């Protein structure tokens, strides 16, 4: 009766950390990454389609991305999607491929991105704490219905707290690693 609650809490807390990791891949650091443009949507015959489904994205060097659409007529829409994005990048079109040169980050921009990363980390911690709250509520309901004893309830609540502490430590580690990556020149 209590194992499924712990297992569910563990799974959901792990997902919170993984979502944070995935979200932080979109934050631009000093070097090029294909994940930087993964979230872009391109108008493909009237439908918004992920960029990765209409073009090949390659990291050519530390500061350059090359995007090669699979169809020649998609160069314009891909370029338009990059301009419309919040990335602040300027694409250079050369025939059928698009090159994006990533400028070096300024100190001010690094600090802004560091704040954004910290904010995302706080959101992930809130999500982990919400999972803990839900699990604790389920345990208290079982206790209230007299399906478990107070000793079992206390033991499981301690275990759930340990799971929460571990998940929050994982979030802190992910945020710290990303902040170090941002501050590296």
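Each value in this text was obtained by applying a stated rule to the coordinates, not by laboratory testing. Note that the coordinates shown come from a computational prediction; the quantities given were computed from them, not determined experimentally. Cβ coordinates were reconstructed from backbone atoms using ideal geometry, including for glycine residues, and neighbour counts include every protein chain displayed.
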Note to self: Using helices alone, I'd like the mean residue ellipticity at 222 nm for the chain: each DSSP H run of four-plus residues gives -39500 (n - 2.57), total over residue count, nearest 500.
What the structure shows: -20000 deg cm²/dmol
Notebook entry, point to check: Can you give the angle from 0 to 90° between the axis of helix 3-24 and the longest principal axis of the chain, with both taken from C-alpha atoms, to the nearest 10?
Noted result: 20 degrees
Item checked: Of [x] 76, 38, 32; [y] 50, 41, 36; [z] 72, 40, 22, the label for Cα extents along the principal axes in Å derived from the coordinates -> [z]
Check: Based on the mean of other beta carbon atoms within 10 Å per residue, what is the order of 93-102, 10-19, most packed first?
Finding: 10-19, 93-102
Note to self: How high is the relative contact order of the chain? Use alpha-carbon pairs under 8 Å, at least six apart in sequence, and give a whole percent.
What the structure shows: 26 percent
Notebook entry, point to check: Helix 75-84 sits at what angle to the longest principal axis of the chain, using alpha carbons and giving 0 to 90 degrees rounded to 10?
Noted result: 50 degrees
Margin query: Quick check: the distance between the Cα centres of the stretch 1-55 and the stretch 119-180, to the nearest angstrom?
Written below: 23 Å
Item checked: In degrees, nearest ten, helix 107-144 long axis to first principal axis of the chain (Cα) -> 30 degrees
